[in-house]
1. Just how large is the dipole of the chain about the Cα centre, in debye to the nearest 20, putting +1 at every Lys and Arg Cβ and -1 at every Asp and Glu Cβ?
2. Test of the criteria: in the stretch 5-102, which GluC sites (Glu not before Pro) are in a DSSP loop and have at most 16 other Cβ atoms within 10 angstrom of their Cβ?
3. Which whole number of Å³ per residue matches the convex hull of the alpha-carbon atoms in the chain?
4. Find how many whole Å separate the alpha carbon centroid of the stretch 64-98 from the alpha carbon centroid of the stretch 37-63.
5. On a 0 to 90° scale, report how tilted helix 86-100 is relative to the longest principal axis of the chain, with both axes built from alpha carbons and the result rounded to the nearest 10.
6. Give me the accessible area of Phe161, 1.4 Å probe, in Å² rounded to the nearest 10.
7. Give me the percent of accessible area attributable to carbon and sulfur for the chain, probe 1.4 angstrom.
8. Starting from the residue with the highest accessible area, list Ser173, Ser70, Ser124, Ser114 in decreasing order, probe 1.4 Å.
Amino acid sequence: MPGTVKPYYLLQSAYWLQQFLLLVLRIEKPRSDFAELVAHHIVTLWLIGWSYLTNLTPIGNAIFLTMDWSDVFLALSKCFNYLQMEKTKTVAFAWFTGVWTYTRHYLNIVILYSVWTEWDLIPSQSKVWDPMNGLWMPKWVKYQIFIPILLLQFINLFWYFLIWRILLRAIFSSNLDDERSDDEDEDAEPRAKKSKKE
């Protein structure tokens, strides 16, 4: 793995592990899609662990990148939401939906197809489990890479349905609230009202 890519890979791995621990230890308040989020992190850690172990880090990096790009537009849409810029947040959310569609579905399906069809291009003498000689590619490793990507696709489809429901509601009723999130200001409002009375 090139020296510039390894720190990115390891930092991303650390981030996903940290996020998984935050979820499992319930440090943050669980949302309605808590189970899917935990499953997403378990599957991602499974994938990046095996891709690192078997020197298939280009696959792990490709998955990282496909997940990261859509998150940028989601964060941007959330920023516009906090600034109460209604039309701008809807446009940003529409861009997010397009980027999500391309990166998390189209590109991941391309990666899935590649793992399934191009695995046989690995030379047969390398398709053995011999860690002492740097050979990690028996046939069953293909499934350690393919299955987590497929599972990520299923989890992303669950969220894709929610994304489209939110986007369509925003376009037709001007309401772009996140259905799965709890009201973050829920506890703050009563305190604010009490302080105004005092």
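The values are calculated or read from the model by the stated rules, or taken from the named source; none is laboratory data. Bear in mind the structure is a predicted one, so any value in this text is a computation, not a measurement. Positions of Cβ are backbone-derived with ideal geometry, glycine not excepted, and every protein chain shown enters the neighbour counts. For accessibility, only protein heavy atoms count, side chains too; no ligands or nucleic acids. Shrake-Rupley method; radii C 1.70, N 1.55, O 1.52, S 1.80 Å.
1. 60 debye
2. Answer in residue order: Glu28.
3. Measuring per residue, one finds 149 Å³ for the Cα hull of the chain.
4. First find each Cα centre; the distance between them is then 25 Å.
5. 10 degrees
6. Answer for Phe161: close to 120 Å² accessible.
7. The nonpolar share, carbon plus sulfur, comes to 66 percent.
8. Ser124, Ser173, Ser114, Ser70
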